[in-house]
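Asker: I have a structure here, written as structure tokens, and I will follow up with some questions on it.
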Amino acid sequence: MSAHSLHAVEPIPRYWLYGEPPAVPELRFVHIETIPERMRLHNWEVRPHRHDGLSHALLVTAGGGLLTADGTETAFRAPAFILVPAQVVHGFRFDPGTDGHVLTMSEGFLAGLLAAAPEADLRAAPALPRAWDLEAGTDEAAALARGFAAIRAEFRAHHPGRASAIAAHVTLMLVAALRLGAARPAADRGLADRRRAEPGLEGQGPSPDLRLLARLRPVVDEHFRDHWPVERYAVVLGVTPGRLNAACRRVTGLSTLQLVHARLMLEAKRSLIYTGHGMAEIGYALGFEDPAYFSRFFSRREGRSPQAFRRSHVADAAGAGGAGGSLDGNGLDRTGGSSPQ
């Protein structure tokens, strides 16, 4: 490849809000808004990009458009329900006038919520980007509409028990996704039929790269504390390390090792915020034999030491009246009205 070609290759854009510099979300970040509130600002189009640690769920109640994930375009038409897991490169092109809600959640929020779920298949529900056609007037469409409306009402009202109420409604939303997937296992039958019927939409469900990433995620969740090399993950998944790395980079823009390290960082932050364990104890629990190495690992990726990270969150919680996290306090939307897309 020539030097000119190397300079011409653009990295996958990474954003906090679409079009704004990237930032790391709070562990319990949740935000909900209507689709028009954001999409009118960008002419109803969001070009392919990724976020660090944010997942989306959309309920489209009017209009439609195209979801792009891993280079594959999928058409959707209201009523429709869409899930886009964290790290997956994605984009949207909405028909002007499309309506509905977009819910944005951090990996920390989802990890805590799903860890309490007794069903293994529910914990795997957000692993792939999916879009389901719903039938207007059905119980499933009505239940999802009520759920999104309830999340928005709780988000705005700041009533006691707000965090628990939002978590409960999100759990029910994930249950709906699990049941939709079980009822329509053939690559979302309604959408597959639509892709075949429309020129240029030849996709037949998630790509091999996406499916491989979906298989990788639960293995990482089980073994990130073991500090496996990439080669061992590849053996478990039955592929070569090169194939695994290529799939991770194509779908997320990150290497396999970077994804494993991101999972370690997520667990480290949760332990620092929500437990009183010492640095050595947290490091040992995460598989670091040397507390000093854990501190260096954390500091390189966070830009501050584990102790400084914990102190800042203790101060934030005190400033919020002891709320103890963004979902309980008033810091869900740090920009005052915009949600990542």
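The values are calculated or read from the model by the stated rules, or taken from the named source; none is laboratory data. All values derive from a computational prediction rather than experimental measurement. Cβ placement follows ideal geometry from the backbone for every residue including glycine, while neighbour counts extend to all protein chains displayed. Protein only, heavy atoms only, side chains kept; ligands, DNA and RNA dropped before computing areas. Shrake-Rupley method; radii C 1.70, N 1.55, O 1.52, S 1.80 Å.
Asker: Could you give the length gained by full extension between residue 150 and residue 312, i.e. 0.36 nm per residue of separation minus their alpha carbon distance, to one decimal place?
Answerer: Values: separation 162, 0.36 × 162 = 58.32 nm, distance 3.18 nm.
So the chain would gain 55.1 nm between residue 150 and residue 312.
Asker: If you take the square roots of the eigenvalues of the alpha-carbon gyration tensor of the stretch 27-85 and sort them as a ≥ b ≥ c, do you get rounded (a/c under 1.5), prolate (a/b over b/c) or oblate?
Answerer: Judged from the Cα gyration tensor, the stretch 27-85 comes out rounded (a/c under 1.5).
Asker: Further, regarding this structure: Using modelled backbone amide H atoms (1.01 Å from N, in-plane), which distant-in-sequence or interchain residues come within less than 5 Å of residue 87's amide H?
Answerer: 51, 53, 54
Asker: While we're here: Using a 1.4 angstrom probe with every protein chain in place, what is the largest-first accessible-area order of 121, 139, 99, 133?
Answerer: 139, 121, 99, 133
Asker: Sort 138, 98 from largest to smallest accessible area, using a 1.4 Å probe on the heavy atoms of the protein chains.
Answerer: Details: 138 35, 98 0 Å².
Order by accessible area, largest first: 138, 98.
Asker: Just subtract the alpha-carbon distance of residue 37 and residue 95 from 0.36 nm times their residue separation and send over the number in nm, one decimal.
Answerer: 19.5 nm
Asker: Normalised by the residues of the stretch 103-190, what does the relative contact order come to in percent, with Cα pairs under 8 Å and at least six apart?
Answerer: 35 percent
Asker: Given a 1.4 Å probe and the protein chains all in place, what does the accessible area of residue 274 round to, in Å² to the nearest 10?
Answerer: The accessible area of residue 274 comes to roughly 100 Å².
Asker: For residue 98, list long-range residues whose amide hydrogen, built 1.01 Å from N in the peptide plane, is under 5 Å from its own amide hydrogen.
Answerer: Sorted by chain and number, the residues that satisfy this are 64.
Asker: Right, another one. Estimate the FRET efficiency between residue 231 and residue 285 by the formula 1/(1 + (r/R0)^6), using the beta-carbon distance for r and 25 Å for R0, to the nearest 0.05.
Answerer: For R0 = 25 Å, the calculated efficiency reads 0.55.
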